[in-house]
1. With every protein chain left in place, what is the accessible area per residue of the chain in square angstrom, probe 1.4 Å?
2. Counting alpha carbon pairs within less than 8 Å and at least 6 residues apart, what relative contact order, in whole percent, applies to the chain?
3. What is the distance, in nm, between label points placed 7 Å from the Cα along the Cα-to-Cβ direction at ASN44 and at LYS64?
4. Label HIS37 and GLU20 with points 7 Å out from Cα along Cα→Cβ: what is the distance between them in nm?
5. Once the piece of chain linking PHE75 and LEU111 is laid out straight, how much longer is it, given 0.36 nm per residue of separation minus the C-alpha distance between them?
6. In whole angstrom, note down how far apart the Cα centers of the range 60-114 and the range 1-52 are.
7. Tell me the label only: which of (i) 2, 12, 22, 25, 21, 12, 5, 1, 0, 0; (ii) 2, 11, 20, 23, 21, 17, 6, 1, 0; (iii) 2, 11, 19, 22, 17, 14, 8, 4, 2, 0 is P(r) over Cα pairs in 5 Å bins from 0, in percent as calculated from this structure?
8. Could you tell me the number of lysine pairs in the chain with C-alpha atoms less than 23 Å from each other, where the two lysines are 8 or more residues apart or belong to different chains?
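The values are calculated or read from the model by the stated rules, or taken from the named source; none is laboratory data. Given the structure is predicted, the values throughout are model-derived calculations rather than measurements. All Cβ positions, even for glycine, are placed from backbone atoms using ideal geometry, and neighbour counts span all protein chains on display. To get the accessible areas, we keep the full protein, side chains included, count just its heavy atoms, and leave off ligands, DNA and RNA. Shrake-Rupley method; radii C 1.70, N 1.55, O 1.52, S 1.80 Å.
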Amino acid sequence: MIKIIEQDIIFLSYDEPNAEKNYADLCDKVPWAKRVHGVKGMENALAEAARVSETPWYFAVFGKTELYPDFDFSFRPDYFQQPKHYIFYSINRVNKLVYGEMAVIMYNCNLILD
């Protein structure tokens, strides 16, 4: 039997104005979410999140991101493909277009740390 691994969910924030509200909203949905806060530089913050993660990939939710109410964290990475990151769609509040800007991203820890 194959064991299905739930990937970590990590909230990354610095000093975004809505970070506390967005983190509280995330914790309402997934109370086990972890947080990396105050790390200077996105590359450094992503690396710290990879070190904090206890799973091979982690979902990154950023301080500016208002999580879509129906966002589903059940996505599973394909272990049989080359390691990669997965970018999920988001809705731009200004123009209502759907694409990856300000989206949740699933990062591969080894790729981040290498």
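1. With the other protein chains kept in place, the chain gives 66 Å² per residue.
2. 30 percent
3. Between ASN44 and LYS64, the label points sit 1.9 nm apart.
4. Roughly 0.9 nm, to one decimal.
5. Difference between extended and current length: 11.1 nm.
6. 12 Å
7. The value matching this structure is (i).
8. Lysine pairs, 8 or more places apart or on different chains, close enough: 12.
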